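Read through the structure below, which is laid out as C-alpha cells, and then see the notes.
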Amino acid sequence: MSEATFHFPRGFLWGTATSSHQVEGNNTNNNWYVWENTPGKIIEGQKAGLACDWWGGRWKEDFDRAQETGQNAHRFSIEWSRIQPKPDEWDEDALHVYGDMARDLAHRGMAPLVTLHHFTDPIWLTEKGGWENPETVNLFAAYVRKVASALKEYASLWVTINEPNVFVVSGWVEGAFPPGKHDLNLAMRVYANLVRAHAAAYKIIHELQPEAQVGMAINYRSLVPARKWMPLDGLLANIQNQFFNNAFPAAITTGKLDMYLKKISIPEAAKTQDFIGVNYYSRDIVKLNLLGGNILLDSRIAPEGAAMSPTGFIANVPAGMYESLQWAHGFNLPILVTENGIEDEPDTLRPRYTAEHLHQVWRAANFNWRIKGYFHWSLVDNFEWERGWTQRFGLWGLDTATQKRIRRPSVDLYAEICKENGISSEMVRKYAPEALETIFPPA
C-alpha cells in the first residue's frame, strides 16, 4: 500500500454540527413539540424530551469533548421560540445562553458557525400561517436582527436557513414535517418566502457586521437516472434536481427562483450569499415507478451494491460527495461542508464512511476549489425529527435515560484527522482498513 498523508488547506475548519431542538431538550414552545405530541407523527411515538440536555448546561461538557479531540469550530443553531416566546416578547435570558455558547467557543479558539433557522418555528408563528404567510419574512428579519446584534462580538459565520429544500419538501410535499401538507402550490409559495427571508437576513447581518460571512446550507442529494436509455428517468431526475438542489442557491445568486414548474422573480435576493453550505449524505437512483402513489416521491431507490446504514436510510456513496462539491464550485464561492455523516449506532460503517467522504473532500480541495471547512453530523446522538431516536448519528453515543455519553471509535478517527489537518494511510489502516485500498491504492 502507498504510505501517505493527504493534508487539507491551512486554516481549514474542523467541527461538528448540532441543532437546537435536537439537542437542547424541553423545547415546548415550537411546532415540533406540537408535532411530537400528535399521534402517528414520530416513529414509535418517540419525543425529544430532555434530548442531550443542552438547555440544562450540558453543552459545556460536549464542547469540552469537541475541543479535546482537536475540533476548531462548531455549528449550532438558535431556537427562535426561546428568543421570542410571544409575538411581543423577547427573552433576554435565553439570548444570553446563546451568547454564552458563542463566547465559550470563541474563547476555546473554536469558530462558532451560527444557524438562525433549523426546521423549527414558534407556535405563535404557525398560528399566523407560518411560512405560507408573507409577513413571516419581516418577523424573521426582526428575530435575526435581535440575535445578530447579541452574538456579533463572538460569531461572524452565519447560516440563515438550514436545508430550505428539505423544510419545504418534508413539510408541504411529503407531509412528514409540520405542517404535514401535500400541496405543491403552497410549497412553492413557502420556497419564495424563504428566499425573501434569507435575503433580508443577509442584509441585516451585513448592516450590523460588515465583515460577516453569511450563507445558507442546502441538502444536496445526488440524483442519478437509473436507465440512461429511458427518457422519463432522466426527466424525473432533472425535475427533482432543479426543485430540490438548484432552486434555492440559484435564487440567492441570480434573484430568480426557478422551481421547474414555476418561476418567480425575487431581485432583492440576488448576490446574497458569501459562501455556500453543502449538507451531503447520500445518493438516490431515480427510476420511474408507475405503481407508486406519487410519481416524483416514489421514484427514488438506493444505489445497487452500496453499503447501507443500519436502517437503510443512507447509502455509502462517496462519489456523491465529490459531485456535490463540484456542483457547489459552480457558484464560484467559498464552500463549507456544513453536514456529513451516517446513522450507525454500532459504529461499524461510520469510520469507513467518514474516511472515504473526507478523501473526496480532499480531492476537491486539491483542485484549489475554495473548500474552507467540514462539519460532521453530529457531535452526539440527537433527536432525528420524524425518525426520533431510531437513528444515531453521533460521534458520541447517548444513553437518553442517564445522559451518559458513549465514546465510539469514530471519535478517535476524527480526532486524529482534526489534529493532523489531514487523513493518513496509518489512520485509515487503524480505523477503517476496508477503505485502505480505495483511498491509498497500491503504488
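Nothing in this text is a laboratory measurement; each read-out follows from the coordinates by a stated rule. What you see is a predicted model, and the numbers here were worked out from it, not measured in a lab. Please note: Cβ atoms are built from the backbone with ideal geometry, for glycine as well, and neighbour counts cover all protein chains shown.
What to note about this one:
- Count - residues of segment 310-368 that are outside any helix (DSSP H, G or I) and either among the charged types (D, E, K, R) or under 16 Å from the mean Cα position of the chain (by Cα) (or both): 14
- Of all residues making up segment 11-31, the number that are assigned to a strand (DSSP E or B), under 14 Å from residue 101 (Cβ atoms) and either of a type in the set (A, V, I, L, M, F, W, C) or over 19 Å from the mean Cα position of the chain (by Cα) (or both): 1
- For first residues located in segment 353-367 and closer than 15 Å to residue 342 by Cβ, partners that are of a type in the set (Phe, Trp, Tyr) and in a helix (DSSP H, G or I) and lie 6+ apart or on another chain with Cβ distances below 6 Å form the pairs 360/322.
- Note on segment 118-159: among residues that are in a loop (DSSP other than H, G, I, E, B) and among the acidic types (Asp, Glu), the one that is nearest to residue 84 (Cα to Cα) is 121.
- Residue in segment 88-105 that is more than 21 Å from residue 204 (Cβ to Cβ), over 23 Å from the mean Cα position of the chain (by Cα), of a type outside the set (Lys, Arg) and not in a helix (DSSP H, G or I) present: no
- Residue pairs whose Cβ atoms lie under 8 Å apart, sitting 6 or more positions apart in sequence or on different chains, and linking a residue in segment 199-210 that is free of Cβ contacts under 8 Å to residues at least 40 places away in the same chain to a partner that is surrounded by fewer than 21 Cβ atoms within 10 Å (Cβ to Cβ) and of a type in the set (Val, Ile, Thr), do not occur here.
- Residue in segment 52-61 that is part of a helix (DSSP H, G or I), touching a Cys at 6+ places or on another chain (Cβ under 7 Å) and either closer than 28 Å to residue 358 by Cβ or among the basic types (Lys, Arg) (or both) present: yes
- Condition check for residue 317 on (1) touching a residue at least 12 places away in the same chain (Cβ under 8 Å); (2) of a type outside the set (Lys, Arg); (3) at positive phi: one failure, at (3).
- Some residue of segment 270-283 being charged (D, E, K, R), touching a residue at least 12 places away in the same chain (Cβ under 8 Å), closer than 25 Å to residue 158 by Cβ and surrounded by 15 or more Cβ atoms within 10 Å (Cβ to Cβ): yes
- When segment 357-383 is filtered for residues that are crowded, with 22+ Cβ neighbours inside 10 Å and of a type in the set (D, E, K, R), only 381 remains.
- Single residue of segment 62-87 satisfying the filter (outside any helix (DSSP H, G or I) and among the charged types (D, E, K, R)) that is surrounded by the fewest Cβ atoms within 10 Å (Cβ to Cβ): 86
- Test: residue 148 is touching a residue at least 12 places away in the same chain (Cβ under 8 Å), surrounded by 19 or more Cβ atoms within 10 Å (Cβ to Cβ), in contact with a strand residue (DSSP E or B) (Cβ under 6 Å, 6 or more places away or on another chain) and of a type outside the set (Val, Ile, Thr): no
- Filtered residue count, segment 1-27, keeping only those that are under 23 Å from residue 335 (Cα atoms) and touching a Pro at 6+ places or on another chain (Cβ under 8 Å): 0
- Across segment 235-265, the qualifying residues are those that are over 24 Å from the mean Cα position of the chain (by Cα) and either without any contact (Cβ under 8 Å) to a residue 12 or more places away in the chain or surrounded by 20 or more Cβ atoms within 10 Å (Cβ to Cβ) (or both), and the one among them that is nearest to residue 284 (Cα to Cα) is 236.
- Here residue 407 passes the criteria (1) in contact (Cβ under 8 Å) with a residue 24 or more places away in the chain; (2) farther than 23 Å from residue 119 by Cα; (3) among the basic types (Lys, Arg); (4) in contact with a helix residue (DSSP H, G or I) (Cβ under 9 Å, 6 or more places away or on another chain) except the one numbered (1).
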